[in-house]
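To start, the structure itself, in structure tokens.
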Amino acid sequence: MSKVFFGGSRNLGRLNSAIRTRLRNLITNKHTVLIGDANGVDKAVQSFFAEEGYKSVIVYCMDNECRNNVGNWPIESVDSGGKRKDFSYFAMKDAKMSLDADYGFMIWDGESKGTLNNVLNLIQQNKQALVYISPKREFFPIKSTNDVNSIISNCSSEVVEYLNKKIKLEQRVATVNQVALDFS
């Protein structure tokens with residue numbers, strides 16, 4: 001079965017019925033869940049799978065230290081090489097999950113740089129993601145940078161500026177598009 005990378009914003013901690021339905025479909029189809037150990041979406045999704053008694057979950061953490069592992073599942077530890085605990089430290093774990101996954105499922109608040117970074121990592125690897133944008137209460141399939149641009153078009157100019165500063169959003173989208181053109 002497929003490996004699905006879950007991620008999302010740390011300031012979102014509740015899963016509505018639409019998200020829970022999608023998660024139950026993953027159980028029914030026996031997909032392997034790859035999830036981080038952060039508070040927010042990671043912990044909420046972990047709690048859901050623990051409540052459902054789902055066993056096919058792997059929790060990714062840094063340096064063998066999981067902040068959350070609600071279901072006491074196996075862990076995949078990523079070695080930081082002694083880096084300090086900042087965005088790039090935890091992004092290492094997320095990058096490993098995107099490499100190991102076949103697909104992504106992200107729950108985004110419309111602002112989180114980490115969640116959008118995960119989507120970009122997946123797209124750069126020619127993998128797809130399903131993004132639930134919490135403020136819109138809608139799912140968006142992301143298959144290309146055009147789809148990324150579509151969800152970004154709903155963001156304020158301040159958020160886009162922030163994302164450009166923090167994760168080089170427009171530069172990364174342009175790079176993916178250039179690679180696609182080079183292979184055409």
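Based on DSSP H segments of at least four residues, each scored -39500 (n - 2.57), the chain has a per-residue ellipticity at 222 nm of -13500 deg cm²/dmol.
Leaving ligands and nucleic acids out of the surface, order C155, C66 by accessible area at 1.4 Å, largest first. Mind dumping the intermediate values first?
On the way: C155 25, C66 50 Å².
Reading off the accessible areas and sorting them downward yields C66, C155.
Could you sort R24, R137, R172 by their accessible area in this structure, using a 1.4 Å probe and putting the largest first?
On the way: R24 100, R137 175, R172 40 Å².
Descending accessible area places them as R137, R24, R172.
Scattering from the chain was approximated by placing one identical point on each alpha carbon and applying the Debye formula without solvent; log10 I(q)/I(0) at 0.10 1/Å stands at -0.37. Global size of the range 25-128: 13.3, 40 Å for Rg and Dmax (C-alpha atoms, Rg to one decimal, Dmax whole). Each label point was placed 7 Å from the Cα along the Cα-to-Cβ direction; for Q171 and F87 their separation is 1.2 nm. Taking the Cβ-Cβ separation of E76 and E161 as r and a Förster radius of 41 Å, what is the calculated FRET efficiency to the nearest 0.05? Efficiency, rounded to the nearest 0.05: 0.75.
Excluding M62 itself, what net charge comes from residues whose Cβ is under 11 Å from its Cβ, given Lys and Arg +1 and Asp and Glu -1? Mind dumping the intermediate values first?
Details: positive: R67, K83, K85, K93, K96; negative: D37, D63, E65, E76, D79, D94.
Its environment carries a net charge of -1.
With the Cα gyration tensor of the range 68-177 in hand, convert its eigenvalues to equivalent ellipsoid semi-axes via √(5λ) and list them largest first in whole Å. Write out the running numbers ahead of the final one.
Values: eigenvalues 109, 55, 42 Å².
Taking √(5λ) for each eigenvalue gives 23, 17, 14 Å, largest first.
Residues K96, K168, sorted by accessible area with the largest first, give K168, K96 [1.4 Å probe; ligands and nucleic acids excluded]. Over the C-alpha atoms of the range 80-136, the Rg to Rh ratio, Rh being the Kirkwood estimate, stands at 1.00.
Can you say what percent of the DSSP beta bridges in the range 26-95, counting only those with both residues inside, are antiparallel? Round to 5. Of all bridge pairs located within the range 26-95, approximately 10 percent are antiparallel. The fraction of accessible area contributed by carbon and sulfur in the chain is 46 percent, rounded to a whole number (1.4 Å probe; ligands and nucleic acids excluded). Measure nothing fancy, just the Cα-based angle from helix 157-167's long axis to the longest principal axis of the chain, in degrees from 0 to 90, nearest 10. Here the helix axis deviates by roughly 70 degrees.
Entry comment: accessible area of the chain is 52 Å² per residue, from protein heavy atoms only and a probe of 1.4 Å. Note on K55 and K3: their simple-model spin labels are 1.9 nm apart, each label 7 Å out from Cα toward Cβ.
Against the chain, whose longest principal axis is taken from its Cα atoms, helix 169-182 shows a tilt of about 80°.
The values are calculated or read from the model by the stated rules, or taken from the named source; none is laboratory data. A quick note: this is a predicted structure, and the numbers were derived from the prediction, not measured. Positions of Cβ are generated from backbone atoms using ideal geometry, with glycine treated the same way; all protein chains shown enter the neighbour counts. Calculation scope for accessible area: heavy atoms of the full protein, side chains included, ligands and nucleic acids excluded. Shrake-Rupley method; radii C 1.70, N 1.55, O 1.52, S 1.80 Å.
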